[in-house]
Amino acid sequence: MTRRGDFGKEDMPLKARLDACRRCDLWANATQGVAGRGPARAGIMLVGEQPGDEEDLAGEPFVGPAGRLLAKALSEAGIEPARVYVTNAVKHFKWEPRGKRRIHKTPAQQEVVACETWLRGELERLRPGVVVALGATALRALSSDAGPVGKSRGETLRTDEGLPLIATWHPSALLRARDDSVTKMRAEAVEDLRRAASLAADSAG
């Protein structure tokens, strides 16, 4: 069983350690653990909720519809997607069957806490200039003091480690949004990403 502190061990690749993780039961129905992806010195770290169906099968974060929308929003914000580090608060896909489809199910708080060792390890190793929480689950995982995303947007928060933190909508929420709100939410997400880029640039000096 993996324990707190295992993130930094070098005798086993991170992907293998995630696959061996038994800190909660999500591994049992997932295809594999999904590690973060991006440059080791990324100024911006994006944190989502959990892998989706396509991510679970591919073993890569943000490769499905939400990932494609995120890449578009990053580009609109003037950020090259390949230059950011992307990961999730929970590393295994939680789902429920609906016919032949696997439908996303929000992780329980105890599952988020069980996965904390991996997220904290990423933050410690990368020390990004700014962290962007994509959605409520990521925001709660990163900051125990944060409120709802809608009320936290526009502020510069702090992770529990003291890193600058920006809250914004998860791209999957934009995919689900009604026609009368989606344009506004997408514009807000791009605005939040631009603020993150500015903070990262200031941090880099």
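Just so you know, all these numbers are worked out from the coordinates, no wet-lab data involved. All of these numbers come straight from a predicted model, not from anything done at the bench. Neighbour counts run over all protein chains shown; Cβ positions are idealised from the backbone, glycine included.
Quick rundown of the values:
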read-out	value
Filter pass, VAL63 being on the phi < 0 side of the Ramachandran plot and either polar (S, T, N, Q) or part of a strand (DSSP E or B) (or both)	no
Residue tally, condition among the small types (Gly, Ala, Ser), out of contact with any Leu (no Cβ under 8 Å at 6 or more places or on another chain) and closer than 27 Å to ARG22 by Cβ, over the range 34-66	6
Selected residue (only one of LEU57, LEU69 is in contact (Cβ under 8 Å) with a residue 24 or more places away in the chain, more than 13 Å from SER172 (Cβ to Cβ) and part of a helix (DSSP H, G or I))	LEU57
Residues that are part of a helix (DSSP H, G or I), surrounded by fewer than 16 Cβ atoms within 10 Å (Cβ to Cβ) and either aliphatic (A, V, I, L, M) or touching a residue at least 24 places away in the same chain (Cβ under 8 Å) (or both), drawn from the range 158-184	LEU175, VAL182
Failed item in (1) in a helix (DSSP H, G or I); (2) of a type in the set (D, E, K, R); (3) surrounded by fewer than 15 Cβ atoms within 10 Å (Cβ to Cβ); (4) without any contact (Cβ under 8 Å) to a residue 40 or more places away in the chain, with GLU155 passing the rest	(1)
Top-ranked residue of the range 189-205 - restricted to ones that are part of a helix (DSSP H, G or I) and small (Gly, Ala, Ser), ranked as surrounded by the most Cβ atoms within 10 Å (Cβ to Cβ)	ALA196
Filter result for the condition that a residue is in contact with a Lys or Arg (Cβ under 6 Å, 6 or more places away or on another chain), surrounded by 20 or more Cβ atoms within 10 Å (Cβ to Cβ) and of a type outside the set (S, T, N, Q), over TRP95, TRP118	TRP118
Complete set of residues in the range 13-26 that are of a type outside the set (D, E, K, R), buried (at least 18 other Cβ atoms within 10 Å of the Cβ) and in a helix (DSSP H, G or I)	LEU14, LEU18, LEU26
